[in-house]
Each structure stands twice: as structure tokens, then as C-alpha cells.
Amino acid sequence: MSAKYQIDDIDRKILSHLVKNARIPFLEIARECGISGAAIHQRVKKMEDSGIIEGSRFIVKPDALGFGVCAFIGVILDHAHTYKTVVKEIESIPEVTECHFITGGFTFLIKLRCNDHQHLMDILINTLQNIPGIAKTETFISLDQLIEKQIALSPQDK
């Protein structure tokens, strides 16, 4: 990552367009911003190089693939020094989509997607709780995702 890049109002406009539609042609963004397509390419490249933008990707909807159960699992470790080994094991579980090292009563908060409650129970009992170093887990099942969005940027956000 290069030196810290300071975004300006034009960069914020570019980001706003890209967050809404990562496939939008740069020329369309250029028209909206009142600058050349080449300038958009240069600005996007600078934001990629500085770590502000991390590629573009398609978003797969888990529900559409049969992964209708979303659960969050709080994990408590036996010993804090085992966390790197435990994270490697957690990362190998295909159903795990996120793992956060958090403050509070848990060491980690894991998000995972399963086909059904039986699948979730199988992951908990036969996989997660068998990882050496995990002392305890607590599971929270999401009933509905009410908000899903990227950080919104507008020219007044600084």
C-alpha cells in the first residue's frame, strides 16, 4: 500500500457510483462527475493502490443457493494464545463467511450460513465445538436481515 491517499468530492462521487453498481462504465461516471474517462481510471487506480477500493465482485445470495439459515456464534477460547490456530481451523469451515476478533464476553464472533437447523447443529456439534482451544460457544440465529449496505459516501461526508 502506498502513501495515504486523501479522497476529495470527486472521489466520493466515483465511490458512490461504484458502490451502487460496480459494473457501471467509467465513461458514465465521468459524465456524471464532469471529468474525462482517463481521469476516472487514474483516480480509481489510486484508490485501489492506497487500499480504499479492493477490487469488484459479484455478490452471491446464500438464500438463493439454499443456505437459508444465518447464524452468529460467539466463541470463547480456553487460552488467548491459541487464537491463531483456532482461526485457521474456523477458516477451513466452508459455511463460515466472517470471523471477527471482538471485545466483550466473547473472543470471536463468527457468521455462518447453513441449509437448515439440522445443518447448523451438525456444524456446531461435529465441527466447531471439536476445535482444540474452543472452550464455549453461544449461537444466535438471525430471523431476518433488516439492513445490508456498503458505507455511503457523499460530498459532505469528510
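Between THR127 and ALA80, what FRET efficiency follows from the Cβ-Cβ distance if R0 is 30 Å, with the result rounded to 0.05?
On the way: r = 22 Å, r/R0 = 0.73.
Using R0 = 30 Å, I get an efficiency of 0.85.
Taking R0 as 30 Å, what's the FRET efficiency between LYS46 and ALA135 from their Cβ-Cβ distance, rounded to 0.05? Intermediate values should be presented prior to the final figure.
Numbers: r = 46 Å, r/R0 = 1.52.
According to the calculation, E is roughly 0.10.
Classify the stretch 9-50: rounded, prolate or oblate, from the alpha-carbon gyration tensor (a ≥ b ≥ c, eigenvalue square roots; a/c under 1.5 rounded; otherwise prolate if a/b is larger than b/c)?
Rounded shape, in that the Cα axes give a/c under 1.5.
Quick one: net charge around ILE76, please, counting Lys, Arg +1 and Asp, Glu -1 for every other residue with C-beta under 13 Å from its C-beta.
Net local charge, ILE76 excluded: -1.
So how strong a dipole does the chain carry about its Cα centre when Lys and Arg Cβ are +1 and Asp and Glu Cβ are -1, to the nearest 20 debye?
560
In square angstrom, what is the accessible area per residue of the stretch 54-112 with a 1.4 angstrom probe?
68
Taking the Cβ of ASP122 as the centre, find all other residues whose Cβ is under 13 Å away and add up their charges (Lys, Arg: +1; Asp, Glu: -1). Don't skip to the end; give the middle numbers.
Numbers: positive: none; negative: GLU95, ASP116.
Net charge around ASP122: -2.
So what does TYR83 come to for accessible area, using a 1.4 Å probe and Å² rounded to 10?
80
Just the number, please: carbon plus sulfur as a percent of the accessible area of the stretch 9-50, 1.4 Å probe, no ligands or DNA/RNA counted.
Looking at the stretch 9-50 in its full context, I get 50 percent from C and S.
The values are calculated or read from the model by the stated rules, or taken from the named source; none is laboratory data. Everything numeric here is computed off the predicted structure, so don't read it as measured data. Heads up, the Cβs are rebuilt from the backbone with ideal geometry, glycines too, and the neighbour counts pull from every protein chain shown. All accessible areas refer to the heavy atoms of the entire protein, side chains included, with ligands and DNA or RNA removed. Shrake-Rupley method; radii C 1.70, N 1.55, O 1.52, S 1.80 Å.
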